[in-house]
1. For the stretch 113-151, what are the residues that are within 16 Å of K189 (Cα to Cα) and touching a strand residue (DSSP E or B) at 6+ places or on another chain (Cβ under 8 Å)?
2. Write out, first by first residue and then by second, each pair whose Cβ atoms fall under 8 Å of each other, whose residues are 6+ apart or on separate chains, and whose first residue, in the stretch 88-106, is more than 13 Å from A19 (Cα to Cα) while the second is outside any loop (DSSP other than H, G, I, E, B) and among the aromatic types (F, W, Y).
3. Give the number of residues within the stretch 104-149 that are exposed (fewer than 14 other Cβ atoms within 10 Å of the Cβ) and assigned to a loop (DSSP other than H, G, I, E, B).
4. Examine the stretch 53-69 for a residue that is closer than 19 Å to V120 by Cα, surrounded by fewer than 20 Cβ atoms within 10 Å (Cβ to Cβ) and not aliphatic (A, V, I, L, M), and state whether such a residue exists.
5. Could you run through the stretch 1-31 and say how many residues are surrounded by fewer than 20 Cβ atoms within 10 Å (Cβ to Cβ) and free of Cβ contacts under 8 Å to residues at least 40 places away in the same chain?
6. Which one of the conditions (1) of a type outside the set (K, R); (2) in a helix (DSSP H, G or I); (3) under 29 Å from G22 (Cβ atoms); (4) in contact with a helix residue (DSSP H, G or I) (Cβ under 6 Å, 6 or more places away or on another chain) does A154 fail to meet, given that it meets all the rest?
Amino acid sequence: MYLAETWFGGASRVVEFGAGTGHNLVHLAQLLPGVTLNGLDWSRNAVHIINELGETLRQKISGQEFDLFLPHGSDSPPEGETSDDSGPVVALTVGALEQLGKNYHAFLNYLLELAPSLIVHLETAYELYRDDHVADVFSKKYIEKRGWLQGYFASLNELAADGEIELLKQTKTIGSFHHEGYTMTIWRKIR
């Protein structure tokens with residue numbers, strides 16, 4: 001709700017990468033009536049569920065297969081369905097990037113090329129853990145052991161320092177015993 005009300009205003013389309021069963025898109029359809037919602041996932045079954053949700057709920061929700069490891073080998077996200085879908089596009093990830101481990105470069109480059117109006121991540125941000133805080137040290141070890149996303153947010157900070165992107169917000173949120181699963185990072189490419 002916070003993201004929809006604070007950051008997604010005026011968007012004509014939201015594209016969720018790694019959308020799973022589309023549950024976030026269902027909530028966004030309620031909060032952002034009329035906005036085209038696309039759920040991209042590498043699971044054919046998840047895409048089928050997303051498409052069924054769109055039809056059943058009679059919402060502008062659609063799914064498409066997409067490989068986060070090989071984004072250039074995937075089809076581009078679908079264009080807006082009607083002529084009124086020409087406004088800003090928001091790219092969204094929620095707990096999807098952890099699977100990339102240290103192999104995030106292709107997806108990051110894809111986002112930079114795609115250059116949506118806004119990119120919003122609710123993800124575990126390894127780089128935001130502090131080495132002088134015991135719980136954070138154990139969280140980092142947990143992420144390392146699991147092989148989850150590492151380096152992505154450091155790369156975003158480097159791109160921001162080089163003036164290529166603008167980091168609009170980056171903050172840790174409530175997590176679990178092992179990690180901060182929904183750290184919020186919001187950025188955009190500087191045009």
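1. Those that are within 16 Å of K189 (Cα to Cα) and touching a strand residue (DSSP E or B) at 6+ places or on another chain (Cβ under 8 Å): L114, A115, P116, S117, L118, I119, V120, H121.
2. Note: pairs meeting the criteria are L100/F107; L100/Y152; Y104/Y152.
3. 5
4. There is at least one residue in the stretch 53-69 that is closer than 19 Å to V120 by Cα, surrounded by fewer than 20 Cβ atoms within 10 Å (Cβ to Cβ) and not aliphatic (A, V, I, L, M).
5. Of the residues in that region, 12 qualify.
6. A154 satisfies all of (1) of a type outside the set (K, R); (2) in a helix (DSSP H, G or I); (3) under 29 Å from G22 (Cβ atoms); (4) in contact with a helix residue (DSSP H, G or I) (Cβ under 6 Å, 6 or more places away or on another chain) except (3).
To keep it simple, each residue is scored yes or no on (1) at pLDDT below 90; (2) over 16 Å from the mean Cα position of the chain (by Cα); (3) on the phi < 0 side of the Ramachandran plot; (4) not polar (S, T, N, Q).
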position: V89; (1), (2), (3), (4): no, no, yes, yes
position: K102; (1), (2), (3), (4): no, yes, yes, yes
position: H105; (1), (2), (3), (4): no, no, yes, yes
position: A115; (1), (2), (3), (4): no, no, no, yes
position: A125; (1), (2), (3), (4): yes, no, yes, yes
position: D132; (1), (2), (3), (4): no, yes, yes, yes
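The values are calculated or read from the model by the stated rules, or taken from the named source; none is laboratory data. Values in this document were obtained by computation on a predicted structure and should not be read as measured data. Don't worry about glycine lacking a Cβ; one is built from the backbone with ideal geometry, like all the others, and counts go over all protein chains shown.
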